[in-house]
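The values are calculated or read from the model by the stated rules, or taken from the named source; none is laboratory data. Keep in mind that what you see is a predicted model, and the values were worked out from it rather than measured. Here the Cβ is made from the backbone with ideal geometry for all residues, glycine too, and neighbour counts use every protein chain on show.
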Amino acid sequence: MVRVRKAVIPAAGLGTRFLPATKAVPKEMLPLVDKPGIQYVVEEAVRAGVTDILIVTGRSKKAVEDHFDRSPELEASLSRSGKDAEVERLRAIAEMADIHFVRQHEARGLGHAVGMGRRHVGDEPFVVLLPDDLMAQDSSLLADMVAAHERTGGSVIALRRFGPAEISSYGVVATDGVADEHGLVRITDMVEKPKPADAPSDLAIMGRYLLTPAIFECIARLVPGAGGELQLTDAMRMLVAQQPFFGLPFDTGRYDTGNKLDWLRATVEVALGHPELGPSFRAALTEIVRREGIS
């Protein structure tokens, strides 16, 4: 069994739902308290044992690359001011993993973005983390997926239950209906954004995937699907027919940070858990709730 040590993070989207804030700033760089969103995603991968990360970017995303690079001038300025703890904190960003970048020159869908990692990933299992899906810092979801792959040797994707009103916004899976002692289910089919009446279950695919390298041959065979894009769901459907493929349902600890309300909620949750700001922010939040008469 090859250890899972590589990750692909697609970050080439335009972030149109956060305009005008994202007109000149990549959405992945919008902060939750004192760190950009994409840093939380990279830290999640590192906690699960990943040591080599490829970030797929696009035009106007240079700030993402700069964030994960060293900044000698800034470090020197901080050192002269005696802010050694800040210097170490900045250096740690660049040193927590081997981080590489490749540019997606045109938006051709998630399948195409993941396929751009083929040369970097090689013949190894790897994880894909979508930066719009931010997991709570105490979530073990990705580590649990790695453990499931080590037990089964198959691909593993994260799943969450949604009702008919929301299910058509996601890829949806069919399963054999049997969960093991870890909650893992065997996937038998999947479809991208079905109509509610056609959804094979209420289990939707979330933004965490652990895939075997065979996925790249499936991506190479893709034709444009839903939305005229190369859909990762369609490639995974091919892989389901070839290899064991599993889903791990979960129900807590995920924020859709492509959604403004969930972004605000995630910011509040992160602020409450912040080691320095948490107590003061809790007091401020309590005062706001009292002032607004919220019970």
Tell me the residue from A165, A158, A76, A107 that is more than 22 Å from the chain's Cα centre (by Cα) and under 30 Å from G228 (Cα atoms), please.
A165
Mind listing whichever residues of segment 69-113 are in contact (Cβ under 8 Å) with a residue 60 or more places away in the chain and basic (K, R)?
R103, R108
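Identify all residues within segment 50-63 that are modelled with pLDDT of 95 or more and either in contact with a helix residue (DSSP H, G or I) (Cβ under 7 Å, 6 or more places away or on another chain) or aliphatic (A, V, I, L, M) (or both); write none if there are none.
Filtering segment 50-63 down to residues modelled with pLDDT of 95 or more leaves 50-56.
Matches in segment 50-63: V50, I53, L54, I55, V56.
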Exception for V50 within (1) out of contact with any His (no Cβ under 9 Å at 6 or more places or on another chain); (2) within 15 Å of V128 (Cβ to Cβ); (3) in a helix (DSSP H, G or I); (4) not polar (S, T, N, Q) falls at (3)
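Please go through segment 164-202 and give me each residue that is in a helix (DSSP H, G or I), exposed (fewer than 12 other Cβ atoms within 10 Å of the Cβ) and not charged (D, E, K, R), ordered by number.
Across segment 164-202, the qualifying residues are P164, A165, A197.
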Residue count, segment 8-47, condition touching a residue at least 12 places away in the same chain (Cβ under 8 Å), part of a helix (DSSP H, G or I) and farther than 21 Å from R89 by Cβ, comes to 3
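When you check L210 against the structure, is it at pLDDT 95 or above, part of a strand (DSSP E or B) and surrounded by 13 or more Cβ atoms within 10 Å (Cβ to Cβ), yes or no?
Values: at pLDDT 95 or above: yes; part of a strand (DSSP E or B): yes; surrounded by 13 or more Cβ atoms within 10 Å (Cβ to Cβ): yes.
It is true that L210 is at pLDDT 95 or above, part of a strand (DSSP E or B) and surrounded by 13 or more Cβ atoms within 10 Å (Cβ to Cβ).
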Quick one: in segment 117-163, which of the residues that are of a type in the set (S, T, N, Q) and assigned to a loop (DSSP other than H, G, I, E, B) is modelled with the lowest pLDDT?
Q137
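Filter segment 22-36 for residues that are among the hydrophobic types (A, V, I, L, M, F, W, C) and at pLDDT 90 or above; which is surrounded by the most Cβ atoms within 10 Å (Cβ to Cβ)? Walk me through it before giving the result.
Going through segment 22-36, the residues among the hydrophobic types (A, V, I, L, M, F, W, C) turn out to be 24-25, 29-30, 32-33.
Now restrict to residues that are at pLDDT 90 or above: 25, 29-30, 32-33.
Details: V25: 16, M29: 19, L30: 17, L32: 21, V33: 17.
That would be L32.
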Testing A92 on (1) within 19 Å of Q137 (Cα to Cα); (2) surrounded by 13 or more Cβ atoms within 10 Å (Cβ to Cβ), one condition comes back false. Which one is that?
(2)
Contacts under 6 angstrom Cβ, first residue in segment 114-131 being on the phi > 0 side of the Ramachandran plot, partner assigned to a helix (DSSP H, G or I), 6 or more apart
none
Could you say whether any residue in segment 221-242 is over 15 Å from E192 (Cβ atoms), surrounded by fewer than 16 Cβ atoms within 10 Å (Cβ to Cβ) and in contact (Cβ under 8 Å) with a residue 60 or more places away in the chain?
no
Residues of segment 214-248 being under 21 Å from L134 (Cα atoms) and at pLDDT 95 or above, in sequence order, are G247, L248
Residues that are modelled with pLDDT under 95, of a type outside the set (S, T, N, Q), touching a Gly at 6+ places or on another chain (Cβ under 7 Å) and over 23 Å from S168 (Cα atoms): does segment 272-284 have at least one?
yes
